[in-house]
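Engineer: Once you've had a glance at the structure underneath, I'll fire off some questions.
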Amino acid sequence: MSSADQASLEPKRTIGTLTATALVVASMIGGGVFITTGNLLTTIPSPMAVLLCWVIGGAYALCGAFTYAELSVTLASNGGEYQFLSKLYHPALGFVSAWVSLLVGFAAPTAAITKVFGLYMRGFFPELDPTNVAAVLIVLLSVLNMWRVSASAGFQDAMTIGKVLLVLGFAVVGLLLGQPSRIAAGEQPVAAVVCTPNFALGLLVVSFAYTGWGSSSYVAGEIKNPEKVLPRALVGGTLLVTILYVLINAAFLSSAPMSELRGNFEIARVAAVHLFGERGGSIVAGIIAMGLVSTAGAMIVTGPRVYEAAGRDYPRLNWLTQRRGSGGPFAATLAQGVIALAMLHVDVNRLLEYIGFTLAIMEALAVGSIFVLRRRGLVGAFRMPGYPVAPAIFVAIALWSAGMGLYARPAAGLVGLGTVAAGLLVWRLVR
């Protein structure tokens, strides 16, 4: 490919601070926060320990966000982990991360989030099938991204601002009207629970809810003034979401007895019914369902940029770089959408375990690449604070969670390792 042809494939830098931050916030605040706590209470019999999971998860995400800010500013091109691992380790590892992103990082979460959207919508229209509702949403959001980048960005900005206001409002009202004493009313002491494999597995599941803290790095090649905008978006967005997550989960745990929240995928609706009555609960559930739309939209915007970057590096995958007019990556968005539609038929609990284990491994490798970057003397316009402690903490927690998760749920771990092995096989075919 000539240099002129290569240059014609490079995307334009049109994304500003608001949209870059909105991508982070929208990607993070999604189905995970509205279903995870109910799931955690089935294996962690202590509301305080569950809340501690969310605090640790936030600190973990912030360590990753600071690290990604330096990596993405220094390398400054689309792709996120694909670029970090390809350039700092080996192209094969970078390709595997793109493969994992396609199946685990974006398609599977998109399926899980839209399915939760379908469950909430069924509360208003009982005759609707949640899977069909999820499929329609995936198709509509994919078409919007393929049609026009500016339209997709504007949609994300508006939906994300509304979502932040919703979560903040619910958290404040829930803490005021609920009974915070319920958080301390656990069946086991917090210290005893923290030392169990189930707590480590809980961190894996919580990591899914925090997934998205690195979203702006996937569109780094389309961000204006990346040396300033990327750190603000990644760190600022992650910090905002961490505060909101701790507050809203405290509100959930204060709103109703643990017995009613345990194992319930519609925990926000249960909390809202206790706080506002049946009618008020239905209204809140509908608003939350609409908030999930922006999360799915963010996944559909960011994921295809990873496969597009791989398409520029591998001639046999060049078809992934196709764009039409002012739209996003056409073929890459289509591929991700088809896989997400197929994953709608997988149980949500199994999806969450599969996503958490596999992403923990890949994110540990990506964050660990900061040590390679520094050792090579590559210096960008942003240097993360807390080096080397922050990335070391992130890698340690990720590997510990993954190891304990493999012990507690070996089937999900083995499927995740199989996904990585399949990625290496595909790399050998296309390199």
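The values are calculated or read from the model by the stated rules, or taken from the named source; none is laboratory data. These figures come from a predicted structure and were not determined experimentally. No Cβ is skipped: glycine too gets one built from the backbone with ideal geometry, and neighbour counts run over all protein chains shown.
Engineer: Under the condition of being modelled with pLDDT of 80 or more and under 16 Å from the mean Cα position of the chain (by Cα), which residue from the range 325-357 is surrounded by the most Cβ atoms within 10 Å (Cβ to Cβ)? Even if it seems obvious, please write down each step before you answer.
Structural biologist: In the first step, residues of the range 325-357 are kept if they are modelled with pLDDT of 80 or more; the result is 329-345.
Filter once more, so that each one left must be under 16 Å from the mean Cα position of the chain (by Cα): 336, 340.
On the way: 336: 27, 340: 30.
Once the filter is applied, the top-ranked residue is 340.
Engineer: How do the pairs read when you match residues in the range 72-89 that are closer than 19 Å to residue 13 by Cα and at pLDDT 85 or above with residues anywhere that are surrounded by fewer than 23 Cβ atoms within 10 Å (Cβ to Cβ) and of a type in the set (Ser, Thr, Tyr), using Cβ under 8 Å and keeping only pairs 6 or more apart or on different chains?
Structural biologist: 83/77
Engineer: For the range 236-243, does any single residue satisfy the condition of being of a type in the set (Gly, Ala, Ser), touching a Leu at 6+ places or on another chain (Cβ under 9 Å), closer than 30 Å to residue 13 by Cα and modelled with pLDDT under 85?
Structural biologist: Looking only at the range 236-243, we keep the residues that are of a type in the set (Gly, Ala, Ser), and these are 236-237.
This time we only want the ones that are touching a Leu at 6+ places or on another chain (Cβ under 9 Å), so: 237.
Still in the list and also closer than 30 Å to residue 13 by Cα: 237.
If we keep only those that are modelled with pLDDT under 85 as well, we get none.
Checking the range 236-243: not a single residue is of a type in the set (Gly, Ala, Ser), touching a Leu at 6+ places or on another chain (Cβ under 9 Å), closer than 30 Å to residue 13 by Cα and modelled with pLDDT under 85.
Engineer: Follow-up. Please go through the range 73-128 and pick out each residue that is more than 22 Å from residue 371 (Cα to Cα) and among the charged types (D, E, K, R).
Structural biologist: Looking only at the range 73-128, we keep the residues that are more than 22 Å from residue 371 (Cα to Cα), and these are 99-128.
Residues satisfying the conditions are 115, 122, 127.
Engineer: Still on this structure, please answer the following. Determine the pairs where a residue that is among the β-branched types (Val, Ile, Thr) and modelled with pLDDT of 80 or more, located within the range 153-167, has a partner that is buried (at least 24 other Cβ atoms within 10 Å of the Cβ) and in a helix (DSSP H, G or I) with Cβ atoms under 8 Å apart, the partner being 6 or more residues away or on another chain.
Structural biologist: Cβ pairs passing all conditions: 161/22; 164/25; 167/33; 167/248; 167/291.
Engineer: Now for a separate question. What number of residues within the range 381-426 are of a type outside the set (A, V, I, L, M), surrounded by 14 or more Cβ atoms within 10 Å (Cβ to Cβ), part of a helix (DSSP H, G or I) and modelled with pLDDT under 85?
Structural biologist: So the answer is 6.
Engineer: Picking from 293, 301, 306, 241, which residue would you name as being surrounded by fewer than 24 Cβ atoms within 10 Å (Cβ to Cβ), within 23 Å of residue 112 (Cα to Cα), touching a residue at least 12 places away in the same chain (Cβ under 8 Å) and β-branched (Val, Ile, Thr)?
Structural biologist: Of 293, 301, 306, 241, the one residue that is surrounded by fewer than 24 Cβ atoms within 10 Å (Cβ to Cβ), within 23 Å of residue 112 (Cα to Cα), touching a residue at least 12 places away in the same chain (Cβ under 8 Å) and β-branched (Val, Ile, Thr) is 293.
Engineer: OK, next. Is it true that residue 230 is touching a Lys or Arg at 6+ places or on another chain (Cβ under 7 Å), assigned to a helix (DSSP H, G or I) and in contact (Cβ under 8 Å) with a residue 24 or more places away in the chain? Full working, then the answer.
Structural biologist: Details: touching a Lys or Arg at 6+ places or on another chain (Cβ under 7 Å): no; assigned to a helix (DSSP H, G or I): yes; in contact (Cβ under 8 Å) with a residue 24 or more places away in the chain: yes.
Spelling it out, it is not the case that residue 230 is touching a Lys or Arg at 6+ places or on another chain (Cβ under 7 Å), assigned to a helix (DSSP H, G or I) and in contact (Cβ under 8 Å) with a residue 24 or more places away in the chain.
Engineer: If I filter the range 199-207 for residues that are outside any helix (DSSP H, G or I) and in contact with a helix residue (DSSP H, G or I) (Cβ under 9 Å, 6 or more places away or on another chain), do I get at least one hit?
Structural biologist: Initially, the range 199-207 is screened for residues outside any helix (DSSP H, G or I), giving none.
Checked against the condition, which is being outside any helix (DSSP H, G or I) and in contact with a helix residue (DSSP H, G or I) (Cβ under 9 Å, 6 or more places away or on another chain), the range 199-207 yields no hits at all.
Engineer: Any chance you could count how many residues in the range 270-318 are under 22 Å from residue 179 (Cβ atoms) and at pLDDT 80 or above?
Structural biologist: 8
Engineer: Would you say residue 253 is under 28 Å from residue 71 (Cα atoms) and assigned to a helix (DSSP H, G or I)?
Structural biologist: Numbers: under 28 Å from residue 71 (Cα atoms): no; assigned to a helix (DSSP H, G or I): yes.
In short, no.
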